[in-house]
Structure formats: structure tokens, C-alpha cells
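Structure first, then comments.
The values are calculated or read from the model by the stated rules, or taken from the named source; none is laboratory data. Keep in mind that what you see is a predicted model, and the values were worked out from it rather than measured. Methodologically, a virtual Cβ is constructed for each residue, glycine included, from the backbone with ideal geometry; neighbour enumeration extends over all protein chains shown.
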Amino acid sequence: MLSETTAAKKAKTLSEALPYIKRFFDKTIVIKYGGNAMTDEHLKQCFAQDVVLLKLVGMNPVVVHGGGP
């Protein structure tokens, strides 16, 4: 069960994101993926989770290689 603090943070985040979710619903979102995000295991996982979230809220993410180290 979520604590009240955690639930309040999630509600705040969702209310802040909702205008963007509405604006970009059914749109193609191009995301550059490169540099440190490709070499850091934690960033890789966070990136993948973010891309999945974009898809779940109705956007169409496209990942492109962005160069880097």
C-alpha cells in the first residue's frame, strides 16, 4: 500500500504531466539515445522505462542513436 506522501507525490507528478500527455497523444516522439545513457546500466534501465511509459500513455516513441563516447 502506498504511503500518503508517496501517493501525493505520484498525484502531483501525474497532474503536472497530464497537459503534455494530452498534447502529444498519438504523436511520434523522436528520442536521441547516446552518450552516458548508453554506458551507464542504471541510465539504460531508466531510459527503457521512460520509453515504455511514453508508449503506455499513447505516444509513439522512436529512438535514434545520438552519438557520444
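Observations, loosely collected:
- Residue in the stretch 2-18 that is in contact (Cβ under 8 Å) with a residue 24 or more places away in the chain, among the β-branched types (Val, Ile, Thr) and within 27 Å of GLY66 (Cβ to Cβ) present: no
- The numbered conditions (1) at pLDDT 95 or above; (2) surrounded by 10 or more Cβ atoms within 10 Å (Cβ to Cβ); (3) assigned to a helix (DSSP H, G or I) are all true for VAL63 except (3).
- Test for LEU43: is it modelled with pLDDT under 95 and within 24 Å of LEU14 (Cβ to Cβ): yes
- Qualifying residue in the stretch 32-42 (condition: out of contact with any helix residue (DSSP H, G or I) (no Cβ under 9 Å at 6 or more places or on another chain), in a helix (DSSP H, G or I), exposed (fewer than 12 other Cβ atoms within 10 Å of the Cβ) and of a type in the set (S, T, N, Q)): yes
- Search result, residues across the stretch 1-31 that are closer than 21 Å to VAL62 by Cβ, part of a helix (DSSP H, G or I) and not basic (Lys, Arg): ALA17, TYR20, ILE21, PHE24
- If you go through the stretch 49-65 and keep only what is more than 8 Å from the chain's Cα centre (by Cα) and within 21 Å of LEU14 (Cα to Cα), you end up with LYS55, LEU56, VAL57, GLY58, MET59, ASN60, PRO61.
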